[in-house]
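Any read-out appearing in this document is the output of simple, stated calculations on the displayed coordinates, not a laboratory observation. This one's a predicted model, so the numbers in the text were calculated from it and none came from an experiment.
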Amino acid sequence: MNDEPLPSAGHAEVGIVAASPEVARRVAEVLRRCFDSSEQRSYPAGNEGGTRLHLTIDTTTAAGPARSWLATSESAFENHTHADEV
């Protein structure tokens, strides 16, 4: 069981694992273009030079493409029930 606290409402913790720091930074940059986010934190991953990068994104202040995606996905998921949720 993971005792790590959950992020506050409207926020998500995102972890990126990549073979190089540059690839991890590029993925984080895409997320930052769509959502407000915290400063990224990076750590070594594995013995071959990989990178583990963490950031917190704020989904309540989504920008551009993410805003339109969130608006359409919220209505699509509101009335959808998976078979295992019945």
Problem - Karplus-derived 3J(HN,Hα), 6.51/-1.76/1.60, for each residue of the stretch 24-30, Hz, glycine and proline x - result: 4, 5, 5, 5, 4, 4, 4
Completion exercise
Residue by residue through the stretch 39-55, the couplings from Karplus 6.51 cos²θ - 1.76 cosθ + 1.60 with θ = phi - 60°, in Hz, x for Gly and Pro, are 5, 6, 10, 10, 9, x, 9, x, 8, 9, x, x, 10, 10, 10, 10, 8
